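Working notes, beginning with the structure itself.
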Amino acid sequence: MPRITVTVDGVTYEEEVEPRLLLVHLLRDRLGKTGTPVGCDTSNCGACTVMLDGMSAKSCSVLAVQADGSDVVTIEGLARGDEWHPMQKAFHTEHALQCGYCTPGMIMAAIDLLRDDPDPSEEAVREGLEGNLCRCTGYCNIVRAVRLAAQEMAQAGERREVRTP
């Protein structure tokens, strides 16, 4: 079996993995990162979105062996100590979740969106989150949350990269 080294939320792991093991299953089943849910297992819903080397990726469409040598940030790795990431705060403030199943993936995809467009319009947010599905909220509060996080990050002069220390 291949042996891989992957850094997840700032901790480096060496794991023997079957070549067919998906990154989402490595994260959840081996490393205990259960904040990354398995949604559809077909890369359609986006619930399993994580940051892979600084860019959002649906972890159900990435083999663990493909992440060898990579830096992965999960929803658990966003906060700095007790301080939530601005996107997490905005989702809370704007009540941008109901059941919460899609929320980790939405937050990760939204952060990646702001990396490319720090001041997105409502339309740009909707388009940027197109690959992440929510069956509960109707997206209105999600869009407001992303735009609020963008404003707060801009006011703070923050281009907070999602990389671990």
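The values are calculated or read from the model by the stated rules, or taken from the named source; none is laboratory data. In this text the structure is predicted, and so the values were computed from the model without any measurement. So basically every Cβ, Gly included, is an ideal-geometry build from the backbone, and we count neighbours across all protein chains shown. Side chains are part of the model used for accessible areas, which takes the heavy atoms of the whole protein and leaves out ligands, DNA and RNA. Shrake-Rupley method; radii C 1.70, N 1.55, O 1.52, S 1.80 Å.
At a glance:
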| read-out | value |
| --- | --- |
| Total residues in segment 35-45, condition more than 16 Å from V72 (Cβ to Cβ) and either under 11 Å from the mean Cα position of the chain (by Cα) or modelled with pLDDT of 90 or more (or both) | 2 |
| Residue check, T5 open to solvent by 70 Å² or more (accessible area, probe 1.4 Å), among the β-branched types (V, I, T) and either out of contact with any helix residue (DSSP H, G or I) (no Cβ under 6 Å at 6 or more places or on another chain) or within 18 Å of S61 (Cβ to Cβ) (or both) | no |
| Pick from segment 130-154, criterion in contact (Cβ under 8 Å) with a residue 60 or more places away in the chain and of a type outside the set (D, E), ranking: most open to solvent (accessible area, probe 1.4 Å) | L133 |
| Condition check for D29: closer than 23 Å to Q88 by Cα and either open to solvent by 20 Å² or more (accessible area, probe 1.4 Å) or under 13 Å from the mean Cα position of the chain (by Cα) (or both) | no |
| Residue check for E158: among the acidic types (D, E), modelled with pLDDT of 95 or more and open to solvent by less than 80 Å² (accessible area, probe 1.4 Å) | no |
